[in-house]
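The structure appears below as structure tokens.
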Amino acid sequence: MADHFWISHFLWLVPVVPLLAAGMLSVSGNSRRNRAVILTLGAQILSFILASLLFITVIRAQGGTEEVVRLAVNFTWFEFGDTALRLGLLLDPLNAAMLVMVTFIGLLICIFSVGYMSRDPNFTRFFAFLSLFSAAMLGLLVSNSLLLLFICWELVGLASYLLIGFWYQKPSAAAAAQKAFITTRIGDLGFFLGMIWLYRETGTLLFYDGGAGLLEQAALHGLATGTTIGGLALSTATALLLFCGAMGKSGQFPLHVWLPDAMEGPTPVSALIHAATMVAAGVFLVARAFPLFAATAGPDTVATALIAVTWVGAFTALFAACIAVAQTDIKRILAYSTVSQLGFMMIALGVGGVAAAIFHLIAHAFFKALLFLGAGSVIHGCHDEQDIRKMGGLRRFMPATFATYAIGMMALAGFPFFFSGFWSKEEILHLAQGWPASPIPFYLALAGTFLTAFYMTRQMVYVFFGNYRADQASSEKASESRPHESPPIMTVPLTVLAAGAVLLGLVATPAWPWFHHFIEGGAATLEFGKLFTAGTLGLMLLSIVLVAAGVGAAWFLYARTSLGTAERDPLERKRPGLYRALAQRLYVDEFYDATVIRFHHAAGRAADALDRFVWHGLVMAVSGFSVLLSRASQAVDRRFFNRGFDTGCETLRTSGGRVSRWHTGNIQTYLAYIGAGLVLLIVFFAWIQQA
Amino acid sequence: MSTTAAFIAYSVLTLVTLGAALAAVSLRNIVHCGLSLALAFVGVAGFYILLGAEFVGFIQLLVYVGAVAVLIMFVILLTRPDGDPQPFTFDRLRRALPGLGIALAVFLVITISIRTSESLRAGAPDDAGVSIEALGHKLVTSHLLPLQITGVLLTAALIGAVLFAMKEDNN
Amino acid sequence: MLTLEFFLIISAALFSLGFAAVLTRRNVIMILIGIELMLSSANLNFIAFWRFGPDPDALTGVLFVLFSIAVAAAEAAVGLALIILIYRHFKSTNTFNFSLLNG
């Protein structure tokens, strides 16, 4: 089996190749557009090939055995004292699948960006950031150390910050970038604390280290049995802290507020980072550290950390879906949809389905990237218009975009049988139904499913059906402002993603749960009979009914009335209070403004006042005292020392002046002195002689 | 030479020399001063002859009267910028008084010293005429080095004087 | 009878006259004249001491005066050249006009 692993020696190359591209781009000029494209796409393609080879290697190594293939390469980063800080790379089915997904979608989005960003003056910078993001994200996936993961995690956050604020000339973009950075940082604080705590308790940050790793039996047992304040197990406490980081990154309630604002970035960024990959990093973190989350002291109990994960996920899934119903910005709807779907993934993790969560993650990455790129294509075609009320009827102008968008929408909404979203969602619902702790998350997830179908249909109707409404505003320029189909460089990635969104469903149906076994070990067998077991069939029918109800309700509400900026939303006409609350995103931002941010401002003002009055006064008093002292010293200097010194100097100068008057410069005077001296000398000697 | 004749010669020479020297230092017209100086040099040459150093006396005449005094006359004539000699005033005399006093004091001190020294009262030994042959012999034997150094000195002085006196812008 | 002091007093008088000229006259040429007088008085002293000295045959005084005259000639030449230089520079021969080193 070892000979299959030759490719794993090149594991480190996967993140390093885009990193090199980013480095080279960051030092090349802004005008080198072709070079930027070649470097970025070249790095993405190379990474994708490597990732695919790794993926195939893992599949072959797994070979239908029960064992999960896991290959860790650890090395020493630096040593201090007796201890060494070790980092490592890891290859297992979990990250092999993720690597392929990230590199593939990243590649498609880079291709799309070449068209989308073609008119941007900072084209090169954009691709440098994109490459940096890819490098960080891939590094996050391959790391076998919580520390290395954290480093890449922060790098991903940095790349996200840079890309949200890419159009930093727009104040809203700059503010959104800051909001994203700070909000995720709050979560990262928990992550960081959890990491330090884990290091203190176990002395290692490596996930797998031949039995001594963090996620292996010995360490987990110690963590699960040890307790801390309130009788909380150590594993639970640290897992919850790590989950804080995951909540921030994956936009879970209450740290979800940054994700909709992040749509200020260019649309490909929204697709790649804020829909497909980066926001999935939180889910990935929980999946990676799942043994820690699931660790319990005894059997037959549900881990506390997983309960928290489930509840947060379930609440977020419904909550975000509600808000999405009343949004009018095409990208914002998708952003809330992302938050909602991330909630579904969290539910899956919480109820123990790592494979289900990862499968939903990957499927979601495909169709959400597809939807975002489709939205980008729509925005591009409608001359940078993002308000769905000003669109309409685009079906006729942009057929390719419409077709692919419809596929993405149906995948997201969970249309039965042919879309990956249906199967992944089905698996999650199935697992939630069987959760022993509480049945409520299951019902919340069902409600979320209904709402997802509802708001996606609403969006479809607004954007693609009816008549084009922007013409009503400016009819004189109707022919010029008419929406147009995007160039092939943008529609081809859409088509590829649409194909992926459909075909991916085939590997994880209950009849052939290949993916499930790939992640968790075991062989997959094709059994159509499993489709028709009582539980599976009943649930499938229930969710089909729910999706149909959502689509039908939305169609009933929206397709039959006239829509537009002037008219109120049909839902608003029926339930104005509810609609307004949802349109205002259930006042979470306002709540934060009123509590956290107001408190922050008040604290800032208090600190300012403290500074201004107390510390400033103290400093002024001290400085005043020193000024006084120096004044006194100056006076003493001036009165005594200076005066004495000045007098001495003056005396010397005047006496010198007097003496110098003898030096007339006239040689005759000097000769006269000599003569007088001679006379005096002789008289003196004569006097001595006589005396 | 008899004692009397010598004394008469001494007296005449004293009168001429000191009178010419006084004139040389005190006359207001600088040309007259130069001429008086030449006369004083002639007197000094007379003293040399009186004292039996005839060769030195003639050399004195040749060098001082024939060369130095004439040179001084040339310089006087070359540098007469201040126009006519300034008239005598008591103010100028008053300003000259310290110098005159010091010079007088020097004279008195020296004279008193001479007068009080017993050893200087001795008379001259027998006439010992200077043989020019002996003098020349000494110059080229025991005093050869000083003679040659003097030659070098004179050459250097000549070149130096020429260089000094050359127009500066000729360089 | 003439003794040594006769000549010495003449010499002293010549010296003092020259010295007075050097001290009091304002003209550089007059100063040079004074210096020449003082030099002559020194030469006279040499001859007098030689004549009245214990060993006139040694010719020391005569030889010395010969060299002294040569040096005096050199001195006069250089001194007069200096005077011409000074005159060219200051357009004056008055010592009060070039007392640059006064205090």
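The values are calculated or read from the model by the stated rules, or taken from the named source; none is laboratory data. Quantities reported herein were computed from a predicted structural model and do not represent experimental measurements. Cβ sites come from the backbone with ideal geometry, for glycine too, and all protein chains shown count toward neighbours. Heads up: the accessible areas ignore ligands, DNA and RNA and are worked out on the full protein's heavy atoms, side chains in. Shrake-Rupley method; radii C 1.70, N 1.55, O 1.52, S 1.80 Å.
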Exercise. If you take the square roots of the eigenvalues of the alpha-carbon gyration tensor of the stretch A:95-196 and sort them as a ≥ b ≥ c, do you get rounded (a/c under 1.5), prolate (a/b over b/c) or oblate?
Worked result: oblate
Seminar exercise, completed: Given the candidates C:17, C:79, C:28, the one whose Cα lies deepest towards the positive end of the charge dipole of the stretch C:4-96, counting +1 at each Lys or Arg C-beta and -1 at each Asp or Glu C-beta, is C:28
Seminar exercise, completed: Simple spin-label estimate for residue A:49/residue A:119, 7 Å along Cα→Cβ, in nm, reads 3.6
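Please compute, over every Cα-Cα pair in chain C, the percentage with a separation greater than 22 angstrom.
Percent of Cα pairs beyond 22 Å in chain C: 44.
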Exercise. Between the stretch A:112-146 and the stretch A:384-415, what is the C-alpha centre distance in whole Å?
Worked result: 26
For this session: Report, in whole Å, the centroid distance computed from the Cα atoms of the stretch C:33-97 and the stretch B:1-80.
Result: 13
Problem set entry | Sequence of A:682, A:105, A:674 when ordered by accessible area, the most exposed leading, probe 1.4 angstrom | A:674, A:682, A:105
For this session: Counting only chymotrypsin sites (Phe, Trp or Tyr not before Pro) that are in a DSSP loop and have at most 11 other C-beta atoms within 10 Å, tell me the longest site-free stretch of chain A.
Result: A:1-416
Exercise. For residue A:688 and residue B:11, what does the FRET efficiency come to when R0 = 45 Å and r is the distance between their Cβ atoms, rounded to the nearest 0.05?
Worked result: 0.75
Problem set entry | Pair residue A:440, residue A:68: separation of 7 Å Cα→Cβ label points (nm) | 3.0
For this session: May I ask you to list the residues of the stretch B:28-61 whose amide nitrogen lies under 18 Å from a point 7 Å from Cα along the Cα→beta-carbon direction of residue B:80?
Result: B:28-38
Seminar exercise, completed: Tilt, helix A:399-413 to longest principal axis of chain A (alpha-carbon atoms), in degrees rounded to tens, equals 80
Seminar exercise, completed: Between the Cα axis of helix A:534-558 and the main Cα principal axis of chain A, the angle (0 to 90°, nearest 10) is 70
Problem set entry | the protein assembly as shown - charge dipole about Cα centre, Lys and Arg +1 at Cβ, Asp and Glu -1, debye rounded to 20 | 2620
Exercise. Rg and Dmax of the stretch B:1-82 over Cα atoms: what are they, in angstrom?
Worked result: 14.4, 51
Exercise. Where the Cα atoms of chain A are projected onto their three principal axes, how long is each span, largest first, in whole Å?
Worked result: 156, 73, 52
For this session: Enter the angle in degrees (range 0 to 90, nearest 10) between the Cα long axis of helix A:354-381 and the first principal axis of the Cα atoms of chain A, meaning the one along which they spread out most.
Result: 80
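Work out which trypsin sites (Lys or Arg not before Pro) in chain B are exposed loop sites (DSSP not H, G, I, E or B, at most 13 other Cβ within 10 Å) and give the longest gap free of them. Write out the running numbers ahead of the final one.
On the way: sites that count: B:28, B:167.
Longest stretch, sites excluded: B:29-166.
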For this session: Rank A:655, A:592, A:669 by how far each Cα sits towards the positive end of the charge dipole of the stretch A:580-683 (+1 on Lys, Arg Cβ; -1 on Asp, Glu Cβ) and give me just the farthest.
Result: A:669
For this session: Considering only protein heavy atoms, with the full assembly of protein chains and a 1.4 angstrom probe, order B:54, C:5 by accessible area, largest first.
Result: B:54, C:5
Problem set entry | Gain in span if fully extended, residue A:663 to residue A:639, counting 0.36 nm per residue against the direct Cα distance | 5.0 nm
Exercise. Tell me, what % of the accessible area of chain C is carbon and sulfur with a 1.4 angstrom probe?
Worked result: 69
Seminar exercise, completed: Given a Förster distance of 56 Å, the FRET efficiency implied by the Cβ-Cβ spacing of residue A:84 and residue A:629, rounded to the nearest 0.05, works out to 0.55
Seminar exercise, completed: Neighbours of residue A:432 by Cβ distance under 15 Å: Lys/Arg at +1, Asp/Glu at -1, summed charge -1
Exercise. Roughly speaking, what % of Cα-Cα pairs in the stretch B:132-171 are separated by over 15 Å, rounded to a whole number?
Worked result: 58
For this session: State, to one decimal in nm, how far the label point of residue B:131 lies from the label point of residue B:32, with both points 7 Å from Cα in the Cβ direction.
Result: 4.9
Exercise. Rounded, prolate or oblate: which fits chain B when a ≥ b ≥ c are the square roots of the eigenvalues of the alpha-carbon gyration tensor, with rounded for a/c under 1.5 and prolate only if a/b beats b/c?
Worked result: oblate
Problem set entry | Accessible area (Å², 1.4 Å probe, nearest 10) - residue A:142 | 0
Exercise. Calculated from DSSP H runs of 4 or more alone, at -39500 (n - 2.57) each and per residue, what is the 222 nm mean residue ellipticity of the protein assembly as shown, nearest 500?
Worked result: -22500 deg cm²/dmol
For this session: Pairs to check: A:368/A:425; A:368/A:390; A:331/A:390; A:390/A:574; A:331/A:425; A:170/A:390. Give those whose C-alpha atoms are more than 19 Å from each other in this structure.
Result: A:368/A:390; A:390/A:574; A:331/A:425; A:170/A:390
Problem set entry | Protein heavy-atom accessible area occluded, C/B pair - total, 1.4 Å probe, Å² | 6700
